[in-house]
Amino acid sequence: MLSLTNADHEAIALSLKVAMSATLLSLPLGFVFAYLMTFCRFRGKVLLEVLVNLPLTLPPVVIGYLLLISLGRNGWLSPLLEPLGIRLIFTWKAAVLASAVVGFPLLVRSIRIAMESIDYQLVQASRTLGASRLDTLFSIILPLSRAGIIAGSSLMFARSLGEFGATIMVAGSIPGVTQTIPLAIYEYSGSPADESAALSLCLVAIAISVLVLLFHEFLSAKLARRN
């Protein structure tokens, strides 16, 4: 039997909001990066690939700390943010940014795999027939990359739901403001009396993740039948 408080409901809603926002924010940029690394040749391509995949190997706490010293009041980017009145640290927007950075490599990798599977002769034929790069992008590459886009978005959404280390560094664990499901579970785990509450949130997290993966499999199968 689930035992959820109002604060737990807020943590669930915030987790979904953060995961969805991080995925939508990263999707256009992830597509661009995947396109550049698949179809373009330029100096520094290896360096760009390393930078994109770096969050996969770095501890999330390191990413969170780098975001903290970059976006904090005396951070590297504060001269740009303060005149605009932008405050990110210890807000839900910081949780979105942390989740976006951590999950971005998964998104790019999935889209890139889909792009690399495209028959390049189709791209060449499109260009030979007079299509511009933009026309080819929207008529050939984008439709044939749908499976990768869906897979990457699903993985990033699920990864964002479970993000903990970077989020707690830049957003903290403020109930109703920045406390997501993992942060709430962490707080509950410190008290034996809250064991049932922690278990309830764990079950909710598992249920959401299963639904996301089922949705991903359903869409992937549907696209495979169309192709």
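One table, with the values for the structure above:
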quantity: Filter pass, Ser139 being touching a Leu at 6+ places or on another chain (Cβ under 8 Å), of a type in the set (Ser, Thr, Tyr) and in a helix (DSSP H, G or I); calculated: no
quantity: Flag for Ser200 being under 18 Å from Leu25 (Cα atoms) and in contact (Cβ under 8 Å) with a residue 40 or more places away in the chain; calculated: no
quantity: Qualifying residues in the stretch 1-28 (those that are part of a helix (DSSP H, G or I) and free of Cβ contacts under 8 Å to residues at least 60 places away in the same chain) - the one farthest from Gly103 (Cα to Cα); calculated: Asn6
quantity: Single residue of the stretch 93-136 satisfying the filter (touching a helix residue (DSSP H, G or I) at 6+ places or on another chain (Cβ under 9 Å) and part of a loop (DSSP other than H, G, I, E, B)) that is farthest from Val50 (Cα to Cα); calculated: Ala131
quantity: Members of the stretch 68-86 found to be surrounded by 14 or more Cβ atoms within 10 Å (Cβ to Cβ), part of a loop (DSSP other than H, G, I, E, B) and not small (Gly, Ala, Ser), listed by number; calculated: Leu77
quantity: Inter-residue pairs, beta-carbon under 9 Å, first touching a residue at least 24 places away in the same chain (Cβ under 8 Å) and in the stretch 39-60, second surrounded by 14 or more Cβ atoms within 10 Å (Cβ to Cβ) and not in a helix (DSSP H, G or I), 6+ apart; calculated: Pro60/Glu163; Pro60/Phe164
quantity: Flag for Leu122 being surrounded by fewer than 24 Cβ atoms within 10 Å (Cβ to Cβ) and closer than 30 Å to Ile63 by Cβ; calculated: no
quantity: Residue match in the stretch 160-179 (condition: among the charged types (D, E, K, R), in a helix (DSSP H, G or I), modelled with pLDDT of 90 or more and buried (at least 17 other Cβ atoms within 10 Å of the Cβ)); calculated: no
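The values are calculated or read from the model by the stated rules, or taken from the named source; none is laboratory data. In this text the structure is predicted, and so the values were computed from the model without any measurement. Quick reminder, even Gly has a Cβ in these numbers, built from the backbone with ideal geometry, and neighbours come from all protein chains shown.
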